[in-house]
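Let me begin by presenting the structure, written as structure tokens, before commenting on it.
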Amino acid sequence: MGYKVAVVGATGNVGREMLDILAERAFPADTVVALASRRSLGQEVSFGDKTLKVQALDQYDFSDTDICLMSAGGETSKEWSPRIGSQGCVVIDNSSAFRYDSDVPLIVPEVNADAVVGFSKKNIIANPNCSTAQLVVALKPLHDAATIKRVVVATYQSVSGAGKEAMDELFNQTRAVFTAGEVKVQKFTKRIAFNVIPHIDVFMEDGSTKEEWKMVAETKKMLDPKIKLTATCVRVPVFIGHSEAVNVEFERPISAEEAREILRSAPGVLVDDKREPGGYITPHEAAGEDATYVSRIREDITVENGLSFWCVSDNLRKGAALNTVQIAEVLINRKLISPKQKAA
């Protein structure tokens, strides 16, 4: 008997990707339900070769549902995830609502799958921020080998991380530039077409943004609280795929060649590092792929035991939907949950 899975936020960028990935990976679900707000009621979304009619979240009974993949934003999650969890359905939440709750595991399966057992306290598991997810996949094997002291990261984040409206804004602004039309700024604080914006999420008192703070807090929670990390998060005019320039300082010596070999055998990582024109991965190649790609691995001689590298991943997949589905697979593979509807 398979599982019953609900996808909340099924009409959004990440919700649609969740449905695609559930189908692609042949997730063991007998029933998949697409949920969203009432304004999306009756819309149709694709699931493999089927079409699902969207149902309203506030009219749905979760008591016979096993897993809820939640991608409807922080406010919706804060309101609904505890209610859904109390009905015995495990919520895997893609928002930031519960990431920093000590009773909610924050999981990237390649990094800290064992921590998933803590889900039973609230029946909620948190998915990390898109920019953190790919970073920790690359850092984990290096940390195991040489112990990371400090990380400096600059991100180049695609507009899809800000939703469908943001993608539309990049498209419309780009078209306006080429047709000498009016460039309208609505979703972002400044024009995004042919520009970069060093501002993601709200500003905090110390001058950093919430996105930068998330990367610090989440890396510490998932990888090691002793790691020092500073981030500068930048929105760039790319539709899909986040890139990161990463500089790492280690406790112990580690050469670029050692790092390359370690990363080649690491789960979820693909190394493409040829040290020649085109011998690296860009967001264009990473879009639609599951891996976290690492290129440009080199030693940083300005610090003791330093390395720099370039890291790219599809933010809608590993940064969101794929990681959520992988967490659900961990629950099933480790027999931490079983279907509510047993075979007759």
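For the stretch 266-282, which residues satisfy the criterion of being outside any strand (DSSP E or B) and either open to solvent by 20 Å² or more (accessible area, probe 1.4 Å) or not assigned by the TED database to the domain that holds residue 152 (or both)? Break it down into steps so the answer makes sense when it comes.
Applying the first criterion (outside any strand (DSSP E or B)) to the stretch 266-282 yields 266-268, 272-282.
Matches in the stretch 266-282: 267, 268, 272, 273, 274, 275, 276, 277, 278, 280, 282.
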Quiz item: Looking at (1) under 20 Å from residue 318 (Cα atoms); (2) in a strand (DSSP E or B); (3) not aliphatic (A, V, I, L, M), which is the only condition residue 51 fails?
Solution: (1)
Quiz item: Does any residue in the stretch 161-182 that is more than 21 Å from residue 201 (Cα to Cα) come within less than 8 Å, Cβ to Cβ, of a residue that is small (Gly, Ala, Ser) and open to solvent by 20 Å² or more (accessible area, probe 1.4 Å) six or more places away or on a different chain, and which pairs are these?
Solution: 175/181
Exercise. Within the stretch 209-236, track down each residue that is under 29 Å from residue 172 (Cα atoms) and open to solvent by 50 Å² or more (accessible area, probe 1.4 Å).
Key: 210, 232
Practice problem: Would you mind telling me which numbered condition in (1) buried (at least 21 other Cβ atoms within 10 Å of the Cβ); (2) touching a helix residue (DSSP H, G or I) at 6+ places or on another chain (Cβ under 6 Å) residue 309 fails? | Solution: (2)
Quiz prompt | Selection from the stretch 69-88 of residues that are under 21 Å from the mean Cα position of the chain (by Cα), open to solvent by less than 10 Å² (accessible area, probe 1.4 Å) and among the hydrophobic types (A, V, I, L, M, F, W, C) | solution = 69, 70
Self-check item: Yes/no for residue 66 being touching a residue at least 12 places away in the same chain (Cβ under 8 Å), surrounded by 14 or more Cβ atoms within 10 Å (Cβ to Cβ) and over 13 Å from residue 8 (Cβ atoms)
Solution: yes
Quiz item: So which residues in the stretch 118-164 are open to solvent by 30 Å² or more (accessible area, probe 1.4 Å), of a type outside the set (Ser, Thr, Tyr) and assigned to a helix (DSSP H, G or I)?
Solution: 121, 140, 144, 145, 161, 164
Practice problem: Considering each residue of the stretch 89-117, count those that are closer than 19 Å to residue 314 by Cβ and either open to solvent by less than 10 Å² (accessible area, probe 1.4 Å) or not assigned by the TED database to the domain that holds residue 15 (or both), and give that number. | Solution: 3
Practice problem: Hey, can you tell me all the residues within the stretch 275-292 that are touching a strand residue (DSSP E or B) at 6+ places or on another chain (Cβ under 8 Å) and farther than 27 Å from residue 327 by Cβ? | Solution: 279, 280, 282
Quiz item: Only one residue in 251, 258, 299 is touching a Gly at 6+ places or on another chain (Cβ under 9 Å), modelled with pLDDT of 95 or more and either basic (Lys, Arg) or open to solvent by 50 Å² or more (accessible area, probe 1.4 Å) (or both), so which one is that?
Solution: 299
Quiz item: Considering 201, 206, which residue is farther than 17 Å from residue 132 by Cβ, open to solvent by 30 Å² or more (accessible area, probe 1.4 Å) and assigned by the TED database to the domain that holds residue 150?
Solution: 206
Exercise. Would you be able to tell me the number of residues in the stretch 283-296 that are part of a strand (DSSP E or B) and surrounded by fewer than 21 Cβ atoms within 10 Å (Cβ to Cβ)?
Key: 2
Quiz item: Of the residues that sit in the stretch 22-47 and are at pLDDT 95 or above and not in a strand (DSSP E or B), which one is surrounded by the most Cβ atoms within 10 Å (Cβ to Cβ)?
Solution: 22
Practice problem: Kindly check whether there is at least one residue in the stretch 249-264 that is in contact with a strand residue (DSSP E or B) (Cβ under 8 Å, 6 or more places away or on another chain), under 24 Å from residue 96 (Cα atoms) and either outside the structural domain of residue 107 (by the TED database) or among the hydrophobic types (A, V, I, L, M, F, W, C) (or both). | Solution: no
Quiz item: Conditions: (1) under 22 Å from residue 25 (Cβ atoms); (2) touching a helix residue (DSSP H, G or I) at 6+ places or on another chain (Cβ under 8 Å). Residue 251 meets all but one. Number of the miss?
Solution: (1)
Exercise. Please work out if residue 16 is of a type in the set (Lys, Arg), in contact with a strand residue (DSSP E or B) (Cβ under 7 Å, 6 or more places away or on another chain), in the same structural domain as residue 70 (by the TED database) and farther than 22 Å from residue 317 by Cβ.
Key: no
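The values are calculated or read from the model by the stated rules, or taken from the named source; none is laboratory data. The model shown is predicted, which means the values in this text are computed figures rather than measured ones. Ideal geometry is used to build each Cβ from the backbone, glycine not excepted, and the neighbour counts take in all protein chains shown. The accessibility values were calculated without ligands, DNA or RNA, using every heavy atom of the protein model including side chains. Shrake-Rupley method; radii C 1.70, N 1.55, O 1.52, S 1.80 Å.
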